[in-house]
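The values are calculated or read from the model by the stated rules, or taken from the named source; none is laboratory data. Small disclaimer: the values here were computed from a predicted structure and weren't measured. Using ideal geometry, Cβ is built from the backbone for each residue, glycine included, and neighbour counts are taken over all protein chains shown. Heads up: the accessible areas ignore ligands, DNA and RNA and are worked out on the full protein's heavy atoms, side chains in. Shrake-Rupley method; radii C 1.70, N 1.55, O 1.52, S 1.80 Å.
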Amino acid sequence: MPYLCSARDDTKIYKIKTMTTIIDGKLISLQIQEEIAAEVKAIKVNNGKIPHLAAILVGSDGASETYVGAKVKACEKIGFKSTMVRLSESTTEKELLYIVEGLNNDADIDGYIVQLPLPKHINEHNIVQAIAPQKDVDGFHPQNIGRMALNLPTYLPATPYGIIQLFERYKIDTAGKHCVIIGRSHIVGSPMSILMARNNFPGNCTVTMCHSRTANLKEYTLKADILIVALGKPEFITAEMVKDGVVVIDVGITRVISEVTKSGYKLLGDVKYDEVAAKASFITPVPGGVGPMTIASLLMNTLKASRKEIYD
Ligand code: NAP
């Protein structure tokens, strides 16, 4: 690959390539939202049913309030109907199951989410299992995860679906590549490993899944053509851990104290961005990479639910 110049810090020299594409998740997310808004307009013109998303928020966790608020706002912006169900922290599991049942039976609601995490006295697994699979637009129900594993039409979980969209829209070649995934969470790493290995585009990768018990992690990261990082450790991946031309998807978001920002904090990814970007062919920044895609994914899943694309 041709190199133009080199950048130097105290100890190392990083070659800088001419062709690093910064993957703009914010832009792609807005494009997807505009596309869905145009579809909603067409539905309205034809007097069709307006897609309707509901969200259940239990308790008043600040981060969860922000996430749910952003989802409801996005629905309003593109013309979906939205319903917010706010429940107190003391809501019992039985009461929440009753509300879930109500949403399952509400014909006007196409899909809904139960914002996680739930208060500790509620068993999340019991709640997720109670969501009707055809309304599970978060893609967390075991039936939908099973369908994903079988490569059947399903609601993909928001973050993996967002990453898949980025590969698609940037036309990043994945077939035959070695994809290394760090992190095996149920919401990111594990589903990503299934999606990147399946016989599809994006996919057809040879996948290596790494986690905290992986010995000699660097041996694997150095072999990655595509590196998907979701471990929640800021700037964990450094330049000497990756090869030239690698595609880097940084899922991590950690809030750290900063003396230079007005707010007093900044968001960092799991990748040491500047030095890794200098070697990468494609890279997602943090913020503005994977993060904005999650809302677009939820809206896409809700549109699919209202069109009954996955289940009749
Ligand atoms: P998680 O549940 O926090 O789990 C972390 C994973 O990383 C685990 O599988 C863990 O291994 C692995 N890990 C931890 N330390 C490691 C190490 N030193 N070497 C290799 N693997 C290591 O994962 P998550 O929920 O997917 O979150 C990961 C990050 O992504 C967080 O920063 C989170 O905020 C962010 N996130 C962002 C979005 C978005 O929209 N951008 C969405 C979801 C999550 P073990 O399984 O062995 O413990």
Inset, instruction - Please indicate, with yes or no, whether at least one residue in region 129-147 is away from the ligand (no atom under 16 Å from the Cβ), open to solvent by 60 Å² or more (accessible area, probe 1.4 Å) and in contact (Cβ under 8 Å) with a residue 40 or more places away in the chain. - result: yes
Inset, instruction - Determine whether region 239-251 contains at least one residue that is farther than 27 Å from Lys77 by Cα, open to solvent by 20 Å² or more (accessible area, probe 1.4 Å) and within 14 Å of the ligand (Cβ to nearest atom). - result: yes
Inset, instruction - Restrict the check to region 153-160 and report whether at least one residue is assigned by TED's automatic domain parsing to the domain that holds Pro285, within 15 Å of the chain's Cα centre (by Cα), within 25 Å of Val286 (Cα to Cα) and crowded, with 22+ Cβ neighbours inside 10 Å. - result: no
Inset, instruction - Look at Val260 and say whether it is within 11 Å of the ligand (Cβ to nearest atom) and assigned to a loop (DSSP other than H, G, I, E, B). - result: no
Legend entry - Hits in region 71-88 (condition: farther than 18 Å from Glu39 by Cβ and either modelled with pLDDT of 95 or more or not in a helix (DSSP H, G or I) (or both)): Thr83, Met84, Val85, Arg86, Leu87, Ser88
Inset, instruction - Looking for whichever is touching an Asp or Glu at 6+ places or on another chain (Cβ under 8 Å) and over 19 Å from Thr159 (Cβ atoms) here; the options are Lys262, Lys272. Which one fits? - result: Lys272
Inset, instruction - Tell me which residues, restricted to region 183-238, are among the β-branched types (Val, Ile, Thr), open to solvent by 30 Å² or more (accessible area, probe 1.4 Å) and away from the ligand (no atom under 13 Å from the Cβ). - result: Ile194, Thr206, Val207
